[in-house]
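Structure incoming, see below.
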Amino acid sequence: MNWKIYVIIGVLCLTGLSCQKDEIPSIITYEETQLVIVEPIEFEISSLIGLNLPFQVPFLDISLDLSTSEENTNPHIDLIRKIHLRDFMIKIASPQNQNFDFLKDIEIYISTDVLPEIKMAHHFNVDNSIGNVLHLVPEEVILDEYLKSDSFDLRFELVADQLIFSDLSIVGEWVLDAELINNP
């Protein structure tokens, strides 16, 4: 009976010695993680005459420049890279019956105090039947440095082919594609 105990102990020892544990590599590689970020935006287009009238008048092309400053409030912005614009959508919030038929062209630019202005998106030759929602065509630019700065400026360059006689409240969102930095 003693010999059975010695055999069992011997088999267990050999089994324990023959097990090999995998070493954990010092650097674990990760696959790319893509994510989508949606940022809201709002701005106003003021009436050209200071009065709110319920109509517009066809006219020669008029250039309008609007600007807005945005603060970087995302504490995790440094955890992403390769940020580029997927979509920039704007919608007329008020007056509700208004549409973008007054608009001929729109271009949107981004800049910071230290970085030059670049074009982010545009929409040329806006169709008169477009309605009150407008999707802009994104430019192929990487926005990392601009969006990771403390603040940035957005400039809207509009060309209208009608006189605007009512204040317009515009809301929208810009959709960004980004890559999560998995291995800092």
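The values are calculated or read from the model by the stated rules, or taken from the named source; none is laboratory data. Keep in mind that this is a model prediction, so the values were computed, not measured. Note that each Cβ is placed from the backbone with ideal geometry, even for glycine, and that neighbours are counted across all protein chains shown.
Out of contact with any helix residue (DSSP H, G or I) (no Cβ under 9 Å at 6 or more places or on another chain) and crowded, with 16+ Cβ neighbours inside 10 Å: does that describe S151?
Numbers: out of contact with any helix residue (DSSP H, G or I) (no Cβ under 9 Å at 6 or more places or on another chain): yes; crowded, with 16+ Cβ neighbours inside 10 Å: no.
Spelling it out, it is not the case that S151 is out of contact with any helix residue (DSSP H, G or I) (no Cβ under 9 Å at 6 or more places or on another chain) and crowded, with 16+ Cβ neighbours inside 10 Å.
Could you look through the range 113-130, keep only residues that are more than 22 Å from the chain's Cα centre (by Cα) and at pLDDT 90 or above, and pick out the one that is surrounded by the most Cβ atoms within 10 Å (Cβ to Cβ)? Show your work before the answer.
At the first step, the residues of the range 113-130 found to be more than 22 Å from the chain's Cα centre (by Cα) are 125-130.
Within this subset, residues satisfying the condition of being at pLDDT 90 or above are 125-127.
On the way: N125: 7, V126: 19, D127: 11.
Only one residue fits best here, namely V126.
So, one more: In the range 108-127, what residues are of a type outside the set (S, T, N, Q) and more than 20 Å from S63 (Cα to Cα)? Can you show your working first?
Here is the first cut: in the range 108-127, the residues of a type outside the set (S, T, N, Q) are 108-110, 113-124, 126-127.
Hits for the range 108-127 are D113, V114, L115, P116.
Going residue by residue through the range 51-62, is there one that turns out to be at pLDDT 85 or above, out of contact with any Leu (no Cβ under 9 Å at 6 or more places or on another chain) and either surrounded by 11 or more Cβ atoms within 10 Å (Cβ to Cβ) or in a strand (DSSP E or B) (or both)? Quick ask: steps written out before the conclusion?
Initially, the range 51-62 is screened for residues at pLDDT 85 or above, giving none.
No, there is no match, as no residue in the range 51-62 is at pLDDT 85 or above, out of contact with any Leu (no Cβ under 9 Å at 6 or more places or on another chain) and either surrounded by 11 or more Cβ atoms within 10 Å (Cβ to Cβ) or in a strand (DSSP E or B) (or both).
A follow-up question, please. Show the residue pairs that are 6+ apart or on different chains and have beta-carbon atoms under 6 Å apart, the first residue being within the range 68-95 and at positive phi, the second being assigned to a strand (DSSP E or B).
Listed by first residue and then by second, the contacts come to K82/E179.
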